[in-house]
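The values are calculated or read from the model by the stated rules, or taken from the named source; none is laboratory data. What you see is a predicted model; the values in this text were computed from it and never measured. Glycine gets a Cβ as well: all are built from the backbone with ideal geometry, and neighbour counts include every protein chain shown. Heads up: the accessible areas ignore ligands, DNA and RNA and are worked out on the full protein's heavy atoms, side chains in. Shrake-Rupley method; radii C 1.70, N 1.55, O 1.52, S 1.80 Å.
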Amino acid sequence: MPLETVFAGIKLRNPTVLASGILGTNAEILIRTAKEGGAGAVTMKSIGPCEKDGYANPTILEWEHGLINAVGLPSPGYKNTEEELKQLEKSGIPLIASVYAHSIEEYAEIAGFAEKFKPAMIELNMSCPHSKGEGMPFGLDEETAGQVVKAVKKVSGKTPVMPKLTPQALNIASIASACERAGADAICAINTLGPGMLINPEVRKPVLANKFGGISGPAIKPVALRCVYQIYEAVKLPILGMGGISNGRDAIEFIQAGATTVGVGSAVYYRGIGVFKEVCDEMVQWMKKNNAKSLEEIRGVAHGH
Ligand SMILES: Cc1cc2nc3c(=O)[nH]c(=O)nc-3n(C[C@H](O)[C@H](O)[C@H](O)COP(=O)(O)O)c2cc1C
């Protein structure tokens, strides 16, 4: 099969991955996305330290070039996800458990909990605010990002650890390098871009109750591709690239920038969970038309060396 992929030691039947936060933490839905939708792997919505409601509605809006959302990381609290994690472990589907926290210690605590359920990988969502009240995501600072990875690696056993970086970093490549030095097994890029805002001129108000939110979908594809391209030049780690992938041709662009796997988030809203199968078919069609026999053959070719 031309799309079979090994990502940080994990065998996947194809490189498409459900992005975090798109279909929640419910095991049945995540299993369906892999089995019926055709995703090579699925990511759970990031789980945090305690039960938390998100922001008030409206929290998510579709606009001409993608989505804008301020859901506010609603979370059942990691301890309440035990049943879902057990069910997912039993199902055998490749699961990426995603973790967010407010301190380095909390990252290790939640990742240690997730590790007990033997997910295929642990993703570290590094785009949430710092506990010290500076409002700075962990992924903006090399040293802090490295410290989070180091702390999680101590409790993650054999489970690969993948920090998810923010495009807000001034130099995303140097953050990726710091994570590599700290022992990360893969890099995920990117999270939503922003914050941004949209205004409803007739109502004379911002459309989101929170006013500002993260931008995803086609609008951010050029930023995401640039990030993946720069990370590929800086590290040897495999990359899960995402941001605006809506079809097979988009996915091929990310592979050519250097990604090993490709995440799909907002496009699930437009195309349903079958988007994974469709993206795979479109990738294979593109490969046939352009005489590419394998993904290895085209990985990173946009770098020209
Ligand atoms: C409604 C919504 C919720 C999200 N929640 C999370 C989350 O909990 N954790 C996380 O790491 N990323 C979260 N993301 C970011 C996505 O996983 C992804 O990185 C981003 O949307 C870019 O991919 P896309 O353009 O394919 O949507 C969320 C995105 C959306 C649209």
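Values as computed for the structure displayed
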| quantity | calculated |
| --- | --- |
| Residue among 235, 301 that alone is touching a residue at least 24 places away in the same chain (Cβ under 8 Å), surrounded by fewer than 16 Cβ atoms within 10 Å (Cβ to Cβ), β-branched (Val, Ile, Thr) and away from the ligand (no atom under 12 Å from the Cβ) | 301 |
| Subset tally (residues that are under 21 Å from residue 270 (Cα atoms), open to solvent by 20 Å² or more (accessible area, probe 1.4 Å) and either of a type in the set (A, V, I, L, M, F, W, C) or without any contact (Cβ under 8 Å) to a residue 60 or more places away in the chain (or both)) for the stretch 1-23 | 2 |
| Unique residue being in contact (Cβ under 8 Å) with a residue 40 or more places away in the chain, open to solvent by 60 Å² or more (accessible area, probe 1.4 Å) and over 23 Å from residue 31 (Cα atoms) when the list is 56, 70, 101 | 56 |
| Only one of 216, 174 that is hydroxyl-bearing (Ser, Thr, Tyr), open to solvent by less than 40 Å² (accessible area, probe 1.4 Å) and within 16 Å of the ligand (Cβ to nearest atom) | 216 |
| Scope the stretch 34-43; condition within 14 Å of the ligand (Cβ to nearest atom) and in contact (Cβ under 8 Å) with a residue 60 or more places away in the chain; matching residues | 39, 41, 43 |
| Lone qualifier among 22, 31, 47 - being among the β-branched types (Val, Ile, Thr), within 10 Å of the ligand (Cβ to nearest atom) and closer than 20 Å to residue 275 by Cβ | 22 |
| Residues located in the stretch 252-277, provided they are on the phi < 0 side of the Ramachandran plot, touching a helix residue (DSSP H, G or I) at 6+ places or on another chain (Cβ under 7 Å) and away from the ligand (no atom under 14 Å from the Cβ) | 252, 255, 256, 257 |
| Count - residues of the stretch 219-232 that are open to solvent by 10 Å² or more (accessible area, probe 1.4 Å), among the hydrophobic types (A, V, I, L, M, F, W, C) and more than 9 Å from the ligand (Cβ to nearest atom) | 2 |
| Any hit, the stretch 239-251, residues being away from the ligand (no atom under 12 Å from the Cβ), part of a helix (DSSP H, G or I) and modelled with pLDDT of 95 or more | yes |
| Residues that are in contact with a Pro (Cβ under 7 Å, 6 or more places away or on another chain) and modelled with pLDDT of 95 or more, drawn from the stretch 25-64 | 40, 41 |
| Residue match in the stretch 119-131 (condition: within 14 Å of the ligand (Cβ to nearest atom), at pLDDT below 95, open to solvent by less than 40 Å² (accessible area, probe 1.4 Å) and aliphatic (A, V, I, L, M)) | yes |
| Residues being open to solvent by less than 30 Å² (accessible area, probe 1.4 Å) and closer than 14 Å to residue 244 by Cα - total across the stretch 262-275 | 8 |
